[in-house]
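First up is the structure itself, then whatever we jot down about it.
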Amino acid sequence: MRASKRSSIAIAVFCASALALAPSSFAATAAKPAKKGAATVDGARIAAADSEPQNWLAHGRTYGEQRYSPLSRINAGNVEKLGLAWSYATGTKRGLQATPIVVDGIMYTTGVWSVVYALDAKSGKQLWVYDPQVPREWGRYACCDAVNRGVALWKGALYFATLDGRLISLDARTGGKRWEVNTIDRTKPYTITGAPRIVKGKVLIGNGGAEYGVRGYLSAYDADTGKLAWRFYTVPGNPKDGFENPELEKAAKTWNGEWWVGGGGGTVWDSMAYDPDLDTLYVGTGDGSPWSRGLRSPGGGDNLYLSSILAMNPDTGRLKWYYQVTPADNWDYTATQHIILADLVIDGKPRKVLMQAPKNGFFYVLDRVTGELISADKYAPVTWASKVDLATGRPVETDVANYSRETRMIVPAPFGAHNWQPMAFNPKTGLVYIPAMQPMGIYTPNKEFLETGKYTRRDMFWNPGIDWNTYVDTIGGLLKQFGGVLPPDHGYLKAWDPLQKKTVWEIEHPAFWNGGLLTTGGNLLFQGTGDGRFVAYAADSGKILWAQPTMIGIIAPPMTYEVDGEQYVAVMAGYGGAGGVTGGDPRTMASGKYVNDGYVLAFKLGGQAPMPHVAEKNASIPEQPPIDATPAQVENGKYKFMSTCMVCHGALVVSGGVTPDLRMLPPEKHAIFNQIVYDGVIHGAGMPKLADLLTEQDVHDIHAYVISRANEDRAAAAAAK
């Protein structure tokens, strides 16, 4: 749509909890003050980040979030001499997604359960650790693993958000707490996984939880006091309660039915960028609740501001303009993917642009002053739309896009053609590098709606609005069709030219779920992979120049910095997130073969530290206890597993190796299966009590289904020998 001036085979049903071991326990305050003082970071310093490229001052290094560093001591001519300088063990086995911040020789980063680490950037020595003590049972609300994407620094203070919805400020030197505020309605299943950004003394933070039935918003808090400055809701609430601003009153005209009962969605869970010259904040919004547009807003409508890019006044939170990437989003095609600001010459004219490769498979270039759509082209296979009409700004949907009456196989899947993993832009090559995917999604119509024309289950725990029975049956049919092995999803590294509007080169990866990107002035591009490698490419050609086996899957984006004249490239290694937990073939993932130990890895030229030892897993499925259930009960267990447990433990009880593979349960866990799932006896390890969602009979039936699946795969493995 036009800008308004005022204003996988595996479906991406993501992780809420896990039968996992608890992560290491850390002190809740600083162990001892850091020897080095945390330098003062403010807006002027971030805006002038290129004047001190030895530091990585903000989430994307600069406000424009290009993830390009001018550093070139490590370059295409010597990168083969890279070696490990140091490693730091986090003691965790879940997803690590943060971009470390480095200021004046100190690294600040986050890990599983929102724990914060301060390290000496030269040696990796721990300076302090802060554990916010996130209640592990809150993990049931986390769609995509118990992850966190990092911190922000401002005037000697550090800021981060917790999985359970708190925003916390620490003294960056000591790790001591300055203030803490709750950002959510704690009666609702909100979560926060994103990194805050700080603009003009305001800490900006959103949240997640659309599929759990929440209403999305972005909040701004005073960096000194933690006082709420403003809040912008991304979708309208119940009109009877009034509207918070005129923008929402306008948006309500694009909704129908009682959308507010299901929350509406539109959560701001990741992307933000800021232009200091235009004094404009750019924010990406998420999907609807539920996914299915016919259930969410019967009667139609674009459902503003779902799946949109919002240009906002950072002082007031009011809207300058918007562009809706996927009107009336029907497929979980969020626009929360990385936003990059750049200045390009297009058709001979300098343009200030905003670039995004959201889930829906189209690469967008917008004028960031006006919101005008400049181009929108497919950067990956797309079957839901044939093109984006540049005259209207709207996608032209295909017949296959509509799954309201029958099951459809649609590309991309809810994982998207690109998910949260940041892309990068190199101004020297003019290329945007995208960690792209080609997953196929199964979308099934809601049975209740088909039979009655009504949809009442808006208060379901996990509510994409699809029919799980049909979904499971479809997967079963595909397994038979393809001889017991589902067609693979694909992962790619793509170099996209935004002027020629095409892929210049691409690399296919073994795993479909891979890491974010860093590009540098040394004609380099760095990426970690799901199969356990850290790779340096020539940024202009895509030639592999260096590759380090890690045996740990990497999804976090790398970053680079200098200390005492030496350049380092660092990345957090630890597989997880949506694709690591529920999607893909574990045989292509390092986490399917090796123990998923979490580390910060820092490399430099001539580094000689040994790579961490990573233990190999025992892949043999143990003998199972007898099944005490009828075929009907096993069938019920299958459907209950898919609607409640699959989000963490994988479709067909095959996980990605991040959370426990339930086919591998030892006898002692089988013996207390009911107590674990129904009573929550190990909720402190991240496996919540589910008695409010399942009956004891359901738990019994799920257990029977898990055993039956283990027996099937055990027999298949024996037959293959």
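Below are the figures for this structure:
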item	result
Cα gyration tensor category, rounded, prolate or oblate, for the range 111-248 with a/c compared to 1.5	oblate
Dipole of the range 631-720, positive end: most advanced residue of Pro667, His703, Ala715 [Cβ charges, Cα centre]	Ala715
Potential extension, Ser541-Ala718 segment - 0.36 nm per residue separation minus Cα distance	59.2 nm
From the coordinates shown, Cα Rg over 2.2 N^0.38 Å corresponds to which of (i) 0.89; (ii) 1.37; (iii) 0.98	(i)
Under 20 Å from the Met409 label point (7 Å along Cα→beta-carbon), backbone N, the range 560-600	583-586
222 nm mean residue ellipticity, helices alone, for the chain (DSSP H n ≥ 4; -39,500 (n - 2.57); rounded to 500)	-3500 deg cm²/dmol
Two-site label geometry, His670 and Val261: point separation in nm, points 7 Å out along Cα→Cβ	4.4
Shape call, the range 590-640: gyration tensor on alpha carbons, a/c limit 1.5	prolate
Cα-based reach from Lys428 at 19 Å (exclusive), listing aspartates and glutamates while leaving out same-chain residues under 8 positions away	Asp50, Glu52, Glu65, Asp343, Asp347, Asp497, Glu506, Asp540
Hydrodynamic radius of the range 631-720 per Kirkwood, over alpha carbon pairs, in Å	13.3
Charge dipole magnitude, Cβ of K and R +1, D and E -1 - the range 631-720, Cα centre, debye nearest 20	200
Selected from Cys645, Ala98, Asn514, residue furthest toward positive end of dipole (the chain; charges at beta carbon)	Ala98
Electrostatic dipole magnitude of the range 468-563 [Cβ: Lys, Arg +1; Asp, Glu -1; Cα centre; debye, to 20]	120
Among 602-610, 645-653, 362-370, 390-398, the order from most to least packed when residues are scored by Cβ within 10 Å on average	645-653, 362-370, 602-610, 390-398
Charge-dipole axis of the chain as Lys and Arg at +1 and Asp and Glu at -1 on Cβ define it, positive-most pick from Trp138, Tyr88, Val400	Tyr88
Cα-centre dipole for the chain with unit charges at Cβ (Lys and Arg positive, Asp and Glu negative), debye to 20	980
Mean separation of Cα contacts under 8 Å, 6 or more apart, over the residue count of the range 383-474: relative contact order %	23
Gain in span if fully extended, Asn313 to Ala48, counting 0.36 nm per residue against the direct Cα distance	93.3 nm
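None of the figures in this text is laboratory data; all of them are computed from the coordinates on show. As the structure is a computational prediction, the values presented were derived from the model and not from experiment. Every residue, glycine among them, receives a Cβ derived from its backbone with ideal geometry; neighbour counts consider all protein chains shown.
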